[in-house]
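Below is one structure; the comments refer to it alone.
The values are calculated or read from the model by the stated rules, or taken from the named source; none is laboratory data. Since this is a predicted model, take the numbers as computed values, not measurements. All Cβ positions, glycine included, derive from the backbone under ideal geometry; neighbour counts span all protein chains shown.
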Amino acid sequence: MTRSYTSQAIAPEVLDELLDLARRAPSAGFSQGVHFVVLSGDSLAGFWDVTGAGEWFAGTQPGVLRAPVIVLPLADPGAYIARYAESDKAGRGLEDHANWEVPFWLTDASMTVQNLLLLAEERGLGALYFGIFRNARRLLDALGVPAQVLQVGAVALGYRAADDAPTGSPTTRARTPSGQLVHHAHW
Ligand SMILES: Cc1cc2nc3c(=O)[nH]c(=O)nc-3n(C[C@H](O)[C@H](O)[C@H](O)COP(=O)(O)O)c2cc1C
């Protein structure tokens, strides 16, 4: 995660390619119900303000606020409900929202986020995924996002500042040894 950015803009063609590749993540039933709302320039102020993230980062990691782009990955459950009602998928009860043991719309949206984080690194940019804890629905309404569509957090994108250094929990917590998390044959 990058938490200090320069104010350098991301060229539109670089951003377009990142987002086009990021959305090519695995997609359950190839439902493709993940959307991105991309905020830059004047549209950033409202995001920072409404979510309270502006105030939070100003007091903790102000370098985040220089990120020129925020991407909101959004999951549309309706696309999955409709897809899993089609003839090749029907019969599992998944036409009903309540029967989804794992909400694949959130799985898919998370996979696009990871793609975006990795692609940013590969292209020499930095990225930060962070949660939206305040007024998420108010933000989405203001952005015209349909009522059933869900947010899964935000991704800041930009170029890493020279002073960027590892911050956050990995600087205070050790990485858990693999043997405690990888279980062979049984937990
Ligand atoms: C679900 C989730 C929520 C996160 N929320 C935040 C956040 O609100 N603010 C933040 O600075 N980082 C956030 N992170 C980033 C984690 O702190 C970070 O991934 C973790 O500490 C490991 O650091 P690394 O990704 O730099 O290796 C979040 C990560 C995940 C997966």
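Report, by residue number, each residue of the stretch 35-58 that is under 15 Å from the mean Cα position of the chain (by Cα) and either modelled with pLDDT under 95 or away from the ligand (no atom under 16 Å from the Cβ) (or both).
Selection gives H35, F36, V37, V38, L39.
Consider only pairs whose beta carbons are under 8 Å apart and that are at least six residues apart or on different chains; among these, list those whose first residue lies in the stretch 117-131 and is free of Cβ contacts under 8 Å to residues at least 12 places away in the same chain and whose second residue is aliphatic (A, V, I, L, M).
E121/A127
Can you tell me how many residues in the stretch 66-99 are touching a helix residue (DSSP H, G or I) at 6+ places or on another chain (Cβ under 8 Å), of a type in the set (A, V, I, L, M, F, W, C) and more than 27 Å from E55 (Cα to Cα)?
Residues meeting the conditions: 3.
Could you tell me which numbered condition V102 fails, if it satisfies all but one of (1) modelled with pLDDT of 95 or more; (2) surrounded by 12 or more Cβ atoms within 10 Å (Cβ to Cβ)?
Of everything listed in (1) modelled with pLDDT of 95 or more; (2) surrounded by 12 or more Cβ atoms within 10 Å (Cβ to Cβ), V102 misses just condition (2).
So, of the residues in the stretch 146-173 that are of a type in the set (S, T, N, Q) and surrounded by fewer than 18 Cβ atoms within 10 Å (Cβ to Cβ), which turns out to be farthest from the ligand (Cβ to nearest atom)? Full working, then the answer.
Let us first name the residues in the stretch 146-173 that are of a type in the set (S, T, N, Q), namely 148, 151, 167, 169, 171-172.
From what's left, surrounded by fewer than 18 Cβ atoms within 10 Å (Cβ to Cβ): 148, 167, 169, 171-172.
Numbers: Q148: 22, T167: 8, S169: 4, T171: 9, T172: 9 Å.
By that ranking, first place goes to Q148.
When you scan the stretch 77-90, do you find a residue that is aliphatic (A, V, I, L, M) and in contact with a strand residue (DSSP E or B) (Cβ under 6 Å, 6 or more places away or on another chain), even just one?
No, the stretch 77-90 contains no residue that is aliphatic (A, V, I, L, M) and in contact with a strand residue (DSSP E or B) (Cβ under 6 Å, 6 or more places away or on another chain).
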